[in-house]
Amino acid sequence: LAAAVPRTFGIKVIDVKTAFLNAHLPEQFEAIYLRPPQALVDFGLVPPGTVWRAQKAIYGLRVSPRAWGLERDRELGKMVIKHKGRDYRFVQSHVDPSVWSSLPVSGSDAVKAAGTAAIGWIVVYVDDFAIISDDPVIDLVRDVIAQKWRITDKPTVSFGSGRTVEYLSVEIRAISDGFSCPRRPTPRTSSRSGP
């Protein structure tokens, strides 16, 4: 958000619906076998003694977050948006792998530092994405992600609008000169005993 302030970028928050179910379990992962729910056997939909091999990440498996992370990062690395006649791709930060920069695909701008050549950033935490850029780029990023996965999104919060959005349980307000993340009040406890 600090890097967005000099460029008066806004923010949009989206999340991928049923994210883990979008990820295949990579071949290098140990095979996982499970029994179908007993109700399926009881209703005659599955023969008794059936065992399934999991092919996709399933909620509740220890490996599912890792499988989704690999899938998400692979797909983000392939995505391209077109803005003002140029192609931009998402490049994962080497310092913080949860941060992706929208950088030119080719040309001299591509070799500049990510902070100066970037037309925006995506901050990712599991299936929650904060897209930070100007409003037209935010829409392009949201659209390319929505072409790959089903998403839910919140309205874009434009720079200086006074509006708020919540990301990872933090309320972010776009104020006139930047962003504010106010502290939530902590409940007061009484130290007095008795009436």
What are the ³J(HN,Hα) values, in whole Hz, obtained from phi via the Karplus relation 6.51 cos²θ - 1.76 cosθ + 1.60 with θ = phi - 60°, for each residue of the range 129-141 in sequence order, with x given for Gly and Pro?
10, 10, 9, 10, 5, 7, 4, x, 5, 3, 5, 5, 5
Site Glu75, offset 7 angstrom along Cα→Cβ, radius 20 Å on amide nitrogen, limited to the range 11-49, gives 12-29
Give the ranking of Phe20, Phe43, Phe90 by solvent-accessible surface, highest area first, calculated with a 1.4 Å probe.
Phe43, Phe20, Phe90
Using only alpha carbon positions, build the gyration tensor of the chain, then give the equivalent ellipsoid semi-axes as the square roots of 5 times its eigenvalues, largest first, whole angstrom.
37, 29, 14
Inter-site label distance for Val46 and Cys181 at 7 Å from Cα along Cβ, in nm:
4.2
Protein-only accessible surface order, largest first, of Lys12, Lys82 at 1.4 Å
Lys82, Lys12
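Using a Förster distance of 25 angstrom, determine the FRET efficiency expected from the C-beta separation of Arg66 and Ala2, and round it to 0.05.
0.25
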Using a 1.4 Å probe on the protein heavy atoms, what percent of the accessible area of the range 1-101 belongs to carbon and sulfur?
56
Roll a 1.4 Å probe over the protein heavy atoms and report the accessible area of Glu171 in Å², nearest 10.
70
Determine, for the chain, the count of lysine pairs separated by eight or more sequence positions (or lying on different chains) whose alpha-carbon distance falls under 26 Å.
22
Want the number for Tyr125 to Ser169: 0.36 nm per residue separation, take away the alpha-carbon distance, what's left?
14.7 nm
Accessible area in square angstrom per residue, the range 1-138, 1.4 angstrom probe
57
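The values are calculated or read from the model by the stated rules, or taken from the named source; none is laboratory data. Since this is a predicted model, take the numbers as computed values, not measurements. Cβ sites come from the backbone with ideal geometry, for glycine too, and all protein chains shown count toward neighbours. Accessible surface is based on the protein model in full, side chains and every heavy atom, while ligands, DNA and RNA are left aside. Shrake-Rupley method; radii C 1.70, N 1.55, O 1.52, S 1.80 Å.
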